[in-house]
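Some notes on the structure that comes next.
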Amino acid sequence: MSDDRSDQQLLRAHVDGDAEAFGVLFARHRDRLWAVALRTMGNPEDAADGLQDGMVAAFRRAGSFRGEAAVTTWLHRVVVNACLDRMRAAKIRRLEALPDDVEDRGTLVATAVHDDQPDEAAEDSERRRRVLAALATLPPDQRAALVLVDMEGYPVAEVAQMLGCAEGTVKSRCARGRTRLATLLADLHHPAGDPPHGNPPPDGPVRPTARPRGPPAS
C-alpha cells in the first residue's frame, strides 16, 4: 500500500475518522509485528491470536497515543503485551515448526546460507530448531526480551519502552534468558579450534551486525 503519510499522520488520521489509515499503518509494519508475535508465542495459531488482540487494542486505543515514543515502538508494545497476556492466562502449546518464510533478522537463530553444502544446511536447520525450542521454555518476560533484542535487533532502550520497564530490567531478563539457553544448547557450541560460522552462541552479549530492515522511516 503506497501512502506518503508518516506513521504519526496515519494514526492521527485514523483517530480523526479516516477509515483507511489504520489499514495502511498495519500493512506497513505487519511483517515485523508478525515475526515478534510468532517468536514470542511459539506457534502460528497463538501468534495470530496475539497479533489480532494487539491490533484490536491499538485500533481502539489509538487516541491515547501521545507521541512519547515512535508509533512503531508503541505498536510493538501493544502486540507484545497482548501476547504476554495470552501466555500468562493459558498454557501455550509447545513450540511447533515455524514457517519457512519467517525471516531471521537477528542473531539468535539466523544461520549462514549453504546452498552448495547440504550437510551444513541441515546442521543449520537443526540448530535453528533447537534454539527455537529452547526459547519456548523460557518465562514469557525473558522470551519477549530476547526476541526483541537478540532476534529483532532492537536497542535495549527501545525494548524497554516496548515492554514498559527499565533498561536494566531488559538487560537482566536477557542475561538470565541467555544463561538458560546456554545450558540447554551447550552441545551446539563449536569445539575449541573450530572456527565458527554464522552467529555467536546465545550465552554472550549479542550484537546485531546491522540494523534490521524495517518499514520506511517516519
Suppose the chain between ASP3 and ASP49 were pulled fully straight at 0.36 nm per residue; how much longer would it get relative to their current alpha carbon spacing? 13.8 nm
Can you put VAL15, VAL71 in order of accessible area, largest first, using a 1.4 Å probe? VAL15, VAL71
Ranked output for segments 23-30, 39-46 by mean other Cβ atoms within 10 Å, highest leading, reads 39-46, 23-30
Report the net charge of residues surrounding ALA13, where surrounding means a beta-carbon distance below 15 angstrom and charges are Lys +1, Arg +1, Asp -1, Glu -1. -3
Say R0 is 45 Å: what FRET efficiency, to the nearest 0.05, do ALA27 and ALA182 get from their beta-carbon distance? 0.75
Listed peptides 173-179, 123-129 by packing density, highest first (mean Cβ within 10 Å): 173-179, 123-129
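The values are calculated or read from the model by the stated rules, or taken from the named source; none is laboratory data. What you are looking at is a predicted structure, and each value in this text was computed from that prediction instead of being measured. All Cβ positions, even for glycine, are placed from backbone atoms using ideal geometry, and neighbour counts span all protein chains on display. Calculation scope for accessible area: heavy atoms of the full protein, side chains included, ligands and nucleic acids excluded. Shrake-Rupley method; radii C 1.70, N 1.55, O 1.52, S 1.80 Å.
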